Amino acid sequence: MFTINKCSEVSDSQIFKAFSDGFADYMIKVKMDEDFFIKRFFGPEGNDRSLSYIAFKEGTPVGLILGGLKIGENFKTLRCGTMAVIPVYRGTGLSDKLMELHEKTALEIGCRQTFLEVIDSNDRAVNFYKKWGYEKVYNLTYRSWKLKNKNPLVFDKNSIQHKVDILTFDDIYLLRTMDKSHLPWQGEFTYFKDFPCKFYGIKSNGNIVAGIAATDTRIFYLWVHPEKRQKGYAKALLNRVITDLKPEVLNITYSNNSEIHTFANHYKMENSPINQFEMYKWLE
């Protein structure tokens, strides 16, 4: 009934059509052109055409599952970067065929687990993944800090603002040798490495102890060494981002992190009405 090919065997236009038509009735309007989609989904999103599959019906793309290796886990992990089936072919078993190929590929390349993100209120998708053995492990929370070109941060003469330096990606990456917390996919260093981020940090005795990676719309990463917390380090880093980049809104995503949650509450960052689950499946 369906012909299924690897995405490495078809054109980018066909991949984009499968994605666009599959998400045409999605609860969140997906607006992007083909060039943006290809650069994003086969760039920082980490999908690999050779690990992804597209389904055709009489030559027309009708389904898609993207896969890419997830770096930063303790086990080799295949991430599902997106899965879509056009409405008319839902309930036909096509989703199962695509998922079967996804897991078969994971085993062939030596992965021990698979991973995906799903909107928490998308019951149809959540139940589908549960049927396939996925479990909800982390909650993804999205917050936004509406600044409107104003800086709400106030410093006294004893602040450590003067210690904040412009750093490189490699400098910030050194924090990962100390920071063992779980990072959401879009907070992984491999994800934001190629974004136009600015990196700022604070050093103590020549060693970096706090850092932030951000653009003028988003905080990708923020971490302070436990011994330096509650001393104004994070506030100083945020101030440098606001001062240099002049954002109107700063967005931040985190997963099951009480300290970032409390931090976001303190600065009255607003909750997004839509959040996600991170789901995992262990492969026997």
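The values are calculated or read from the model by the stated rules, or taken from the named source; none is laboratory data. Quantities reported herein were computed from a predicted structural model and do not represent experimental measurements. Note that each Cβ is placed from the backbone with ideal geometry, even for glycine, and that neighbours are counted across all protein chains shown. Ligands, DNA and RNA are excluded from the accessible area calculation, which covers all protein heavy atoms including side chains. Shrake-Rupley method; radii C 1.70, N 1.55, O 1.52, S 1.80 Å.
Considering each residue of segment 135-165, count those that are part of a strand (DSSP E or B), open to solvent by 40 Å² or more (accessible area, probe 1.4 Å) and aromatic (Phe, Trp, Tyr), and give that number.
2
Restricting attention to segment 5-15, which residues are hydrophobic (A, V, I, L, M, F, W, C) and not in a loop (DSSP other than H, G, I, E, B)?
Those that are hydrophobic (A, V, I, L, M, F, W, C) and not in a loop (DSSP other than H, G, I, E, B): CYS7, ILE15.
Restricting to segment 177-208, name every residue that is under 20 Å from the mean Cα position of the chain (by Cα) and more than 24 Å from CYS80 (Cα to Cα).
ASP179, PRO196, CYS197, LYS198, PHE199 - these are the residues of segment 177-208 that are under 20 Å from the mean Cα position of the chain (by Cα) and more than 24 Å from CYS80 (Cα to Cα).
Can you pull out the helices (runs of 4 or more DSSP H) entirely within segment 166-284 that have at least 1 residues that are surrounded by 15 or more Cβ atoms within 10 Å (Cβ to Cβ), touching a strand residue (DSSP E or B) at 6+ places or on another chain (Cβ under 6 Å) and without any contact (Cβ under 8 Å) to a residue 60 or more places away in the chain?
Per the criteria, 169-173, 233-245, 258-266.
Could you say which residue among GLY67, GLY110 is out of contact with any Phe, Trp or Tyr (no Cβ under 9 Å at 6 or more places or on another chain), modelled with pLDDT of 95 or more and not β-branched (Val, Ile, Thr)?
One residue alone meets the criteria, GLY110.
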